[in-house]
Amino acid sequence: MSSPAPAPVPASPGSSSQQRKRGSTESVGMYAVQCCECHKWRTIATKDEFETLRANFTDDPWFCSKRSDCSCEDPADIEYDNSRIWIIDKPNIPKPPPKTERLALMRGDLTKMDIYYVLPNGKRARTIGDVQKFLDTNPEYNDSLSAESFSFTVPKIVEETVSHNNAWKTKKAKKQDKVNASNSKN
Ligand SMILES: [Zn+2]
């Protein structure tokens, strides 16, 4: 990677089918952050902790020294390589409001992520319009949930960590066929 990426998330989409059975569609299997000093990757134990540091990433960049048992001298927790699919999040995504959950779901062909919020009524919001509709019909949440606390910004899938995957290759080839077909028409 050319620049130190903010608050990235390595994902193992292989586990998503099991998770779906349990009623969740979260595709991300592991969270990690890159130290702004030594650029090593450190795993983050919980989604909650990850969401907190992602929300404050620009004002409060992450260093190994933030962890009591860790320093820049220690070997990386995880190496950035093609053995798993990496997904890079944008920094400063607000922490999901109470009683909501933000889910990042990988599409089956591995070409795109989708962001959903599970709202306090169990329904899913896919757009800010859905959130607004929920607030309009459930005004009791207007104090605790504000539309600004929702971000549908999708993380970026790092192409070089997914491009050896067959599902991804098939989709990419189909896209290329379309481009070729439309080019030959012209
Ligand atoms: Zn460090």
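Since every read-out is calculated from the coordinates, none of them should be taken as a lab result. These numbers were taken from a predicted model, which means no experiment stands behind them. Virtual Cβ from ideal backbone geometry, glycine too; neighbours counted across all protein chains shown.
Taking the Cα atoms of region 8-169, the ratio Rg/Rh between the radius of gyration and the Kirkwood radius comes to 0.99.
Using the Cβ-Cβ distance between ASP48 and LYS174 with R0 = 45 Å, the FRET efficiency computed as 1/(1 + (r/R0)^6) comes to roughly 0.70. Between the listed residues PHE57, MET30, MET106, the Cα displaced farthest toward the positive end of the dipole of region 8-169, a dipole computed from Cβ unit charges relative to the Cα centre, is found at MET106. The charge dipole of region 97-145, taken about its Cα centre with unit charges on the Cβ of Lys, Arg, Asp and Glu (plus for the first two, minus for the last two), comes to roughly 200 debye. Which parts of region 34-63 would a label at ALA76 reach, counting a residue when its backbone N lies under 16 Å from a point 7 Å out along Cα-to-Cβ? 34-44, 63, by backbone N distance to the label point. One chain, two ends: ARG126 and THR111. Fully extended at 0.36 nm per residue, the span grows by 3.6 nm beyond their Cα-Cα distance.
Each Lys and Arg Cβ is given +1 and each Asp and Glu Cβ -1; about its Cα centre, the chain then shows a dipole of about 1200 debye. In straight-distance terms, cross-link reach from LYS95 covers every one of the lysines whose alpha-carbon lies under 20 Å from its own, apart from those fewer than eight places away in the same chain; here that gives LYS47, LYS66, LYS123, LYS156.
Projected label points at GLU101 and CYS38, each 7 Å from Cα along the beta carbon direction, are separated by 3.4 nanometres. In order along region 157-169, phi translates into HN-Hα couplings of 8, 6, 4, 5, 9, 10, 5, 8, 7, 5, 4, 5, 4 Hz, rounded to whole numbers, per the Karplus curve 6.51 cos²θ - 1.76 cosθ + 1.60 with θ = phi - 60° and x for Gly and Pro. For the pair ASP136 and ASP69, the difference between a 0.36 nm per residue extended length and the Cα-Cα distance amounts to 19.5 nm. For region 139-152, 3J(HN,Hα) computed residue by residue from phi via the Karplus equation (6.51, -1.76, 1.60; θ = phi - 60°) reads x, 5, 8, 4, 6, 8, 10, 10, 4, 5, 7, 9, 9, 9 Hz, glycine and proline entered as x. Excluding same-chain neighbours fewer than eight residues apart, the aspartates and glutamates reachable from LYS99 by a Cα-Cα span under 14 Å are ASP48, GLU140, ASP143.
Annotation for region 52-68 versus region 79-153: alpha-carbon center distance of 21 Å.
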